[in-house]
Amino acid sequence: MESAHDQFFHVRVIIGIVVGLSVARLLTGLARFVQHPSRDQVYLVHLSWAFFLLLGVAHFWWFEFSLSRIGQWSFEIYFFVLFYAALYFFVCTILFPDRMDEYSGFAEYFHSRQAWFYGLLAALFLADVVDTLIKGMDHFRSAGVDYPYRQGVLVMLAIIAMRVREKRYHMAFVVIALAAALWWILRDFYLY
């Protein structure tokens with residue numbers, strides 16, 4: 001029987017692969033704007049979500065180190081953590097598709113896929129809650145009393161964004177999400 005440490009090492013490797021694919025997808029997509037600046041029109045909402053996800057993937061990889069606290073791994077926990085990492089990959093893939101031939105730019109593309117994007121984003125916010133609970137109630141409590149409210153608000157905004165076409169709503173939402181992510185990182189690593 002493998003120790004929890006050995007199991008965690010195995011989980012870290014597979015998560016690292018999926019997270020690496022997510023980062024590669026985002027960086028390759030962002031590099032397109034430099035490689036071919038006139039081919040695809042930049043859309044600020046889309047670009048802002050790309051930066052949010054880049055920050056989110058980096059933060060995800062860092063806070064998943066807390067999984068080392070798990071004393072006994074099960075297939076269910078392993079599968080969930082892999083699913084959580086895969087959600088990041090799917091969201092990143094929706095932001096930067098393989099081909100854009102049928103769209104005039106990222107604004108048209110983004111809004112044609114917004115239900116998928118925001119649906120997966122809502123699932124990502126919910127998966128974060130489950131992941132936090134998996135790490136134990138002490139870890140969940142250490143997230144602060146505002147944590148469940150923050151996640152609930154982000155899920156609600158994502159569900160609304162699945163239907164709303166107004167650019168101002170999408171821009172406001174990504175600004176709120178970026179502010180929440182930056183606050184979370186500052187809170188975790190610098191303020192407490």
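Every read-out reported here was derived from the displayed coordinates using simple, explicitly stated rules and does not represent laboratory data. Remember, predicted model here, so these are calculated numbers, not experimental data. A quick note on method: Cβ atoms are made from the backbone with ideal geometry, for glycine too, and the neighbour counts reach across all protein chains shown.
Per-structure values
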{"quantity": "Degrees between helix 167-186 axis and first principal axis of the chain (Cα, 0 to 90, nearest 10)", "calculated": "30"}
{"quantity": "Cα-based helix-to-principal-axis angle, 44-63 vs the chain, degrees rounded to 10", "calculated": "10"}
{"quantity": "Exposed-loop-free span, longest in the chain, where GluC sites (Glu not before Pro) count as exposed if DSSP calls them loop and at most 13 other C-beta atoms lie within 10 Å", "calculated": "3-101"}
{"quantity": "Among Pro97, Met171, Tyr149 - extreme Cα towards positive end, dipole of the chain, charges at beta-carbon", "calculated": "Met171"}
{"quantity": "Hull volume in cubic angstrom per residue (convex hull over the Cα atoms of the chain)", "calculated": "122"}
{"quantity": "Nearest 10 degrees, 0 to 90: helix 75-95 Cα axis against the chain principal axis", "calculated": "20"}
{"quantity": "Paramagnetic reach from His10 (point 7 Å along Cα→Cβ, amide N under 17 Å) across region 83-106", "calculated": "83"}
{"quantity": "Where labels lie 7 Å past Cα in the beta-carbon direction, separation of Phe80 and Gln41 in nm", "calculated": "4.4"}
{"quantity": "FRET E, pair Phe51, Arg163, Förster distance 22 Å, beta-carbon r, rounded to 0.05", "calculated": "0.35"}
{"quantity": "Positive-end residue, the chain charge dipole about Cα centroid, Cβ charges, pick of Tyr109, Val130, Tyr78", "calculated": "Tyr109"}
